[in-house]
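Please treat every number below as a calculation from the coordinates, not as lab data. This structure is a prediction, so every number in the text was calculated from the model and none was measured. Cβ sites come from the backbone with ideal geometry, for glycine too, and all protein chains shown count toward neighbours.
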Amino acid sequence: MASDVHFGDDEGYRGLRRVLTYGTFDLLHYGHIRLLRRAAALGDYLVVALSTDEFNASKGKQSFYSYGVRKEMLEAIRYVDLVIPEESWEQKLSDIEKYQIDTVVMGADWADSPRFDYLRERCNLVFLDRTEGISTTDVKKELKE
Ligand code: C2G
């Protein structure tokens, strides 16, 4: 799959409703798959901005799988059309412009926060509820026990 697609250069991309979401997607599980399925259903083309190992390190987080492996798994999912790197908090507006995004999807953990309100001037902002009972943290904890 092409890693650097320039929308607008290609007739085929015109008219597609494009959705963008962010995350680490470590130890991929059904909570992630359901989020991706629901995000994809909001449009015709789903872009996933995948947190890089360096960006996670800057947040004090370390994933089990490397960026390359996480990307490979996401690219194998039928709901995902393109995976791009998430390298900073500030890239969202440029992602929206570069990939001509109509809708940004965030996890509902952010729903009460005004943090992403500035995006509403450029696109739709949708918060999707998490799937109950599953998280990467829980899986790691249970495997240790
Ligand atoms: N998710 C979910 N249900 C779960 C676990 C995760 O719907 N049980 C969703 C999260 O809400 C997020 C996506 O799956 O939208 C990816 O999860 P993480 O990699 O844990 O996301 P995180 O690194 O916390 O960043 O909302 C966007 C955030 O930036 C996500």
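Miscellaneous remarks
- Annotation: of all residues in region 79-125 being aromatic (Phe, Trp, Tyr) and within 19 Å of LEU42 (Cα to Cα), the one that is surrounded by the most Cβ atoms within 10 Å (Cβ to Cβ) is TYR99.
- Residue count for region 37-54, restricted to those that are under 19 Å from THR137 (Cα atoms) and buried (at least 19 other Cβ atoms within 10 Å of the Cβ): 3.
- Residue match in region 65-85 (condition: farther than 24 Å from LYS141 by Cβ and touching a Ser or Thr at 6+ places or on another chain (Cβ under 6 Å)): yes
- Top-ranked residue in region 69-78 [being surrounded by fewer than 16 Cβ atoms within 10 Å (Cβ to Cβ) and among the aliphatic types (A, V, I, L, M); ranked as nearest to ASN124 (Cα to Cα)]: ALA76
Residue-wise test of (1) touching a helix residue (DSSP H, G or I) at 6+ places or on another chain (Cβ under 7 Å); (2) of a type outside the set (S, T, N, Q).
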site	(1), (2)
LEU42	no, yes
ASP53	yes, yes
ASN56	no, no
SER63	yes, no
GLU72	no, yes
ASP95	no, yes
CYS123	yes, yes
VAL126	no, yes
VAL139	no, yes
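- Of all residues making up region 126-136, the number that are loosely packed, with under 13 Cβ neighbours inside 10 Å and under 18 Å from the mean Cα position of the chain (by Cα): 1
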